[in-house]
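Here is the structure we will look at.
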Amino acid sequence: MEQMQTPRRVPILDEMRGLIVLLMIFYHAMYDLVYVFRAVDAALFQSLFMRWLQLFVACGFIVLSGIMCRYSRSNLRRGIKTFLAGLLVTAATAVFLPSQLILFGILHFLGLCMMLYPMFEPLIRRVHPILGILFCFMLFWFTNNIGSGRLGFGDWVWLRLPQSLYDAGFLFPLGLHQRFFTSADYYPLFPWIFIFGMGCFLGHYFRTGQAPAFCYQPHWPALSWVGQRALLLYLLHQPVAYVVTMGIAQLLK
């Protein structure tokens, strides 16, 4: 049972979020140079380093958002705000950059998870955090190939999902998308909700003061400043990065 006490500020969470925001800006700038302006060889973007960077940034955002659910006074309000920001991104890409349309990106996903959290909060609080983290990891692994029409662990297929679920067309937020479906940024509920769940369980240790002592001490104020403005910077960085990379692309030609 989580102790009812005033939560301690955890500077490391703001600092980690700030670092992830900066890495995300770098990643998106490289994406623009490669796929929007075609000024850099695609092989660079498809390198192992960039693939791991993308995974680190995505998982970092998702886990941190799950952790913060243990702090928020209204995850429903927080989720609506984030989901509306995602819809703004969809509208902006549809109007100004239709070739890079984002239908269900990281903000849509995080917003929906935050809105769903209150439904599962009583269960999350009753389950031991370590067991919850392990269970979420197993479910992430089990559903990781849902986009390919199967559930199971790696090549061990437990269930093949009916094609009709994918052909429906409107189930893409769940990971059930048609073959021609495209979204420049795509994080469906499955399997990613289980990474979010891992963050929710991990948040117990930060919320109750059981994380390592250095987590509660400030280290990099600049990163903390960035982290506390993550959503605003996420919305602003794309147009700024687009203009900057357009200038870089002109110089490289």
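No value in this document is a laboratory result; all are computed from the given coordinates. Treat the numbers as computed from the prediction; the structure is a model and nothing was measured. As a convention, Cβ positions derive from the backbone with ideal geometry for all residues, glycine included, and neighbour counts pool all protein chains shown.
Between the C-alpha center of region 30-105 and that of region 108-182 there is a gap of 18 Å. Under the definition of Cα pairs under 8 Å and six or more residues apart, what whole-number percent is the relative contact order of region 9-154? In percent, rounded to a whole number, it is 16. First check a/c for region 11-252, with a ≥ b ≥ c the square roots of the eigenvalues of its C-alpha gyration tensor; if it is under 1.5, answer rounded, and if not, answer prolate when a/b is larger than b/c or oblate otherwise. Oblate, since a/c reaches 1.5 and b/c is not below a/b. Only helices reaching 27 angstrom along their own axis (Cα) with mean Kyte-Doolittle hydropathy no lower than -0.5 count here, and for the DSSP H runs of the chain these are 11-31, 48-68, 75-96, 106-126, 230-252. Below 8 Å between Cα atoms, with a sequence gap of 6+, how large is the relative contact order for region 11-252 in percent? That works out to 35 percent. Highest mean packing first, where packing is the average number of other Cβ atoms within 10 Å per residue, the peptides 118-129, 101-112 line up as 101-112, 118-129. A prolate overall shape is assigned to region 1-86, the ratio a/c of its alpha-carbon gyration tensor axes (a ≥ b ≥ c) being 1.5 or greater and a/b exceeding b/c. Computed packing ranks the peptides 200-206, 26-32, 39-45 as 200-206, 26-32, 39-45, most packed first, by mean other Cβ atoms within 10 Å. Per residue, the chain reaches -20500 deg cm²/dmol at 222 nm when only DSSP H runs of four or more residues are counted, each adding -39500 (n - 2.57).
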